[in-house]
Amino acid sequence: ERGHGPYQPHEPGYGLDQPGYSPYEDEIPDPQARMLAIKNAKAYLLKTSTKSGLNLYDHFANILTKILDEQPTNTVDIIENISKDVKWAQFRKKMDTLRDEHLILPTFEAAEKCKALFIKEGGEEEREEVEEEMGQPALPNVMEAAFYFEQAGIGLNKDESYYIFLALKNLINVQPIQTCRFWGKILGLEMNYIIAEVQLREGEGEEEMGEEGEGIIAEGEKEMGEAEEDEQKKKEAEPPKSTYKPPPEIPKEANGTGTNKYVYFVCNEPGKPWVKLPPVTPAQIVCARKIKKFFTGWLDAPVVSFPPFPGNEANYLRAQIARISAATHVSPTGFYQFADEEEEEEEGADTYEENSEFEPPPVAEMVDSLATWAHHVKSILKQGRCVWINPQKSEENEEEDDEEEEEEEGEEQQQERGPPLLTLISEDEGMKDIPAWTAQASTSLIPEYSVAILQSNRWPGAYAFASGRKFENIYFGWGHKYSPESYTPELPPPAQAEFPSGPEITETVDPTVEEEMAFKIAQEEALVEAEEEEDEEGEDD
């Protein structure tokens, strides 16, 4: 039987026929609740999307308007396509009635960024004259090195390599550079770092050090004057001061030596300005060994880690560059030699020269034997320096006792020593079952024209090639050292004990009732005995 309501049980409107309510009557039970529900529903439909900026209410209204205007056949089958068309119409670019606003293609934007690389500046002629006087061009042949690395499938595409080539050319035009080399590319989460390794002309780095030294001396004199004024003001009784003395700070190595032998410039993309990285300190290298952080691409970004890193991302990047260079920069054995035999015997010697009598071994020998490769960058000690220094020696007074001098001699004998310069890579320690290096030929089909490729397993992304008298080192990676075990952050130090545990500060156990009664009885007996003794003494008198 058909009911009296407007909907059947299988229809969506079923349920409006409530007891005591007729759909044909004008009055609705509890109209305020019904209106509130309608307002809440409409408010929900009017919620704006955080992605597109549209709301469902307007979208439904536009869909219904489009359907009623066009009245397509089988609307229910194409409702999804109509919804997409309505959305696309909302995001259509608005054109001007007089002149259309053309879209900027990505290739055009990339060309605008690299436009400055192709502009020839006026200072290039002077630089060429300086190079003729020096006898060695400062600009490296990046494309030639990229060709050799390409034989083993290593490197960047040709366009990016050429852009880096031009960017290094612009860097040489701006900075007083004596030698320049493309160090590599370190990847970041937001942007990458393109790194140039340079040596400045003589006197350029010293001027900067002199300015820094003058500033430090001026600051020191100012602090001394302020300290004297404070002492005059605080002649009265002061609270006790802490006797703790922090360990002496290890000084950084001078520019042009050790970890600061080279100066590094970085940029995020070819065409962007080059930024000079600050010198690295031993404290930064020591802390960088204990943490593992991804680079963001922003030099001023903070490095949040434990233990706290002393600096920002620019300092962390410089520390990682020093570590990678010391561990992975290699050359064919015999290509470099010490200038004098005395320097070869000295442990701190870090100067060498090219061997003009060097005869390159065949590629097959360089692939089979790791003894044909040698480190030409000094290793970094646990102290964070290439040359060990006694930090206590610089802080001691001039007047010392004989005993203290003997102790110093004992400490100097225990100084840290690392492998000497030009050490063979065959002596490098592996990681469990993984060797430190892997050597292979670029091709086995034409061995007479192959190139020897060396890959570091300790620092993934570090490569070297050798072909005759030509060789080069490069790095492409995240700047992280390989570890066979998962990285575990360093644990915080244990909490300091407040007081030493002893009987004088240890709380005693509360006595029981029986012990208290026995103690009272013993006290009373002791008083009685004392009174009897006093009475006996009085009678004797």
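The values are calculated or read from the model by the stated rules, or taken from the named source; none is laboratory data. Source: prediction; values computed, not measured. As a convention, Cβ positions derive from the backbone with ideal geometry for all residues, glycine included, and neighbour counts pool all protein chains shown. Side chains included, ligands, DNA and RNA excluded: accessible areas come from the protein's heavy atoms. Shrake-Rupley method; radii C 1.70, N 1.55, O 1.52, S 1.80 Å.
Numbers below:
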read-out	value
Hey, GLY188 out of contact with any strand residue (DSSP E or B) (no Cβ under 8 Å at 6 or more places or on another chain) and modelled with pLDDT of 90 or more or not	yes
From PRO308, PRO282, residue being more than 19 Å from ALA254 (Cβ to Cβ) and either at pLDDT below 95 or not aromatic (Phe, Trp, Tyr) (or both)	PRO308
Residues of the stretch 49-61 that turn out to be of a type outside the set (Phe, Trp, Tyr) and open to solvent by 60 Å² or more (accessible area, probe 1.4 Å), as a count	4
Qualifying residue in the stretch 303-325 (condition: acidic (Asp, Glu), open to solvent by less than 10 Å² (accessible area, probe 1.4 Å) and at negative phi)	yes
Selection within the stretch 263-297 - under 10 Å from the mean Cα position of the chain (by Cα) and in a loop (DSSP other than H, G, I, E, B)	ILE291, LYS292, LYS293, PHE294, PHE295, THR296, GLY297
Residue within the stretch 268-275 that is of a type in the set (Phe, Trp, Tyr) and surrounded by 15 or more Cβ atoms within 10 Å (Cβ to Cβ) present	yes
Residue that is among the polar types (S, T, N, Q) and over 15 Å from VAL377 (Cα atoms), where the choices are THR333, THR281	THR281
Checking THR423 against (1) under 24 Å from ALA288 (Cβ atoms); (2) at pLDDT below 90; (3) of a type outside the set (D, E, K, R), the condition it does not meet	(2)
Qualifying residue in the stretch 163-186 (condition: farther than 30 Å from GLY258 by Cβ, touching a residue at least 60 places away in the same chain (Cβ under 8 Å) and assigned to a helix (DSSP H, G or I))	yes
Residue count, the stretch 311-329 (criterion: aromatic (Phe, Trp, Tyr) and without any contact (Cβ under 8 Å) to a residue 24 or more places away in the chain)	0
Verdict on SER486 being under 32 Å from the mean Cα position of the chain (by Cα), under 30 Å from GLU357 (Cα atoms) and of a type in the set (Ser, Thr, Tyr)	no
Qualifying residue in the stretch 239-254 (condition: open to solvent by 70 Å² or more (accessible area, probe 1.4 Å) and within 21 Å of GLU202 (Cβ to Cβ))	no
Residues located in the stretch 443-462, provided they are closer than 22 Å to TRP183 by Cβ and not charged (D, E, K, R)	VAL451, ALA452, ILE453, LEU454, GLN455, SER456, ASN457, TRP459, PRO460, GLY461, ALA462
